[in-house]
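A.B. asks: One structure follows; several queries about it will come next.
Just so you know, all these numbers are worked out from the coordinates, no wet-lab data involved. All figures in this text were calculated on a predicted structure; none of them were measured in a lab. Glycine gets a Cβ as well: all are built from the backbone with ideal geometry, and neighbour counts include every protein chain shown.
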Amino acid sequence: MNQPTDLPTDLPINLHSHLEGRVRPDTAADLAAALGLATPPGGWTAALTLPGPDTLTTYLDRVGASYPFFTDPDAIARVTSEAVQDAAADGQAFLELRFGPGTHARATGRAVDDVVAAACEGLIDGMERAGMPAGLVLAALRSHDDDTNLAVARSAARFAGAGVVGFDLAGDERRFPALERYRPAFAVAAAAGLGLTCHAAEAAPAAAAQEAVERFGVTRIGHGAHVAADPVVLAWLVDRGVVVEVCPTSNWYTGAIPTVEAHPAATFRRAGVPLVLGDDNPVQTGSPLSAERRVLAEQLGVGPDGLAEVDRTSVTALFADDSVRAALAARLPG
């Protein structure tokens, strides 16, 4: 991966990063040997990483290559701990790790709580080793049945304060555009005091982002690229202070935008949308948060003042308890 950069502001907060997209290839090889998994053609580096932009299908295949390592609690704990340590080594000040425990529970027949408990164990270990705060955001999936998504939400509620800080909805917007059936899961998470975000308007029209805010009460939208093309929805989000999580390199690698320079971050900023940054799936793209900050600065025209604003917004928008937020706020310049 690219090395950390020395940019004018230095409080890199990562608010959109998938645990399944942070499995080290070397760790994959170790775990595969321990779990009796066959080495894929070309090895684990080739199976997990992309040499450059490709299609969404290929991108998701690379992320999905990590799924066998989420069948074993010890492996889940190790992967989670290493994800936190890698983020700290990249110079990050705080990390939200999101993942879909329902996928891994269904694949193994384990209870969702068992998968989440293993991730929480790894998170705590990683924080202790790295000296950096972090939290888990559990994701319901659009393709899962209602019972599975409710089980994920209830697990999130049970582990609130023990590592879990938020709740999300992810998955294929084109195949599963309707949002109403996910409302009960979000209600469970909201009642537990968890932060709420939603992947929306990434593949679907801009109205999907507004609907997620109205139906679920989310305060953040993941990606939201199509919002930039709809001035009415754009203004609606600005008026309500809804934060958009941007991951420019990942959007380029999935084929969502033709070049990284085509990312709508500049449009969002001109409209007054509060932005935070994430690295999405950094093992696949080779672009951790430090590199994403450089993309903002060097390719998307976000200067020192703009980066400082991203940092301030991140401290306000992150999902964590007040003590973590206060400690990070104290590190903001000025």
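A.B. asks: According to a simple spin-label model (label point 7 Å from Cα along Cα-to-Cβ), what is the distance in nm between residue 145 and residue 56?
C.D. replies: In this crude label model, residue 56 to residue 145 measures out at 2.6 nm.
A.B. asks: Next question. Return the tail of the calculated pair distribution for the stretch 13-329, meaning the percent of Cα-Cα pairs more than 24 Å apart.
C.D. replies: 49 percent
A.B. asks: Then there is this: Quick one: 3J(HN,Hα) in Hz for the stretch 294-300, Karplus 6.51/-1.76/1.60 with θ = phi - 60°, rounded, Gly and Pro as x.
C.D. replies: 5, 4, 4, 6, 9, 10, 10
A.B. asks: Hey, what do the phi angles of the stretch 228-243 turn into as Karplus ³J(HN,Hα) couplings, whole Hz, using 6.51/-1.76/1.60 and θ = phi - 60°, x for Gly and Pro?
C.D. replies: Result, ordered by residue: 4, 8, 10, x, 5, 5, 4, 5, 4, 5, 4, 4, 9, x, 6, 8 Hz.
A.B. asks: Right, something else. Identify which of 176, 159, 216 has the largest mean-square fluctuation in a Gaussian network model of the chain, with springs joining Cα atoms closer than 10 Å.
C.D. replies: 176
A.B. asks: How are the Cα pair distances of the stretch 260-334 distributed, in percent, across 5 Å bins from 0?
C.D. replies: All Cα pairs considered, the percentages come to 3, 14, 23, 23, 19, 12, 4, 0.
A.B. asks: Picking from 274, 182, 53, whose Cα lies most toward the positive end of the charge dipole for the chain (charges on Cβ: Lys, Arg +1; Asp, Glu -1)?
C.D. replies: With unit charges placed on the Cβ atoms, the residue in question is 182.
A.B. asks: Let me know the charge dipole size of the chain about its Cα centre in debye, to the nearest 20, where only the beta-carbon of Lys, Arg (+1) and Asp, Glu (-1) is charged.
C.D. replies: I would put it at about 440 debye.
A.B. asks: Right, something else. Over the chain, what is the relative contact order in whole percent, taking alpha-carbon pairs under 8 Å and six or more residues apart? Could the numbers behind the result be given before it?
C.D. replies: Details: 643 pairs, mean separation 73.5, N = 334.
Here the relative contact order equals 22 percent.
A.B. asks: Quickly estimate the mean residue ellipticity at 222 nm for the chain, helices only: each DSSP H run with n ≥ 4 gives -39500 (n - 2.57), and the total goes over all residues, rounded to 500.
C.D. replies: Taking each H run of at least 4 residues, the total per residue is -14000 deg cm²/dmol.
A.B. asks: Out of 290, 256, 76, whose Cα points farthest toward the positive end of the dipole of the chain (charges: +1 Lys, Arg; -1 Asp, Glu; placed on Cβ)?
C.D. replies: 256
A.B. asks: Are there any trypsin sites (Lys or Arg not before Pro) in the stretch 233-334 that are in a DSSP loop and have at most 15 other Cβ atoms within 10 Å? List them by number.
C.D. replies: Hits after loop and neighbour filter: 331.
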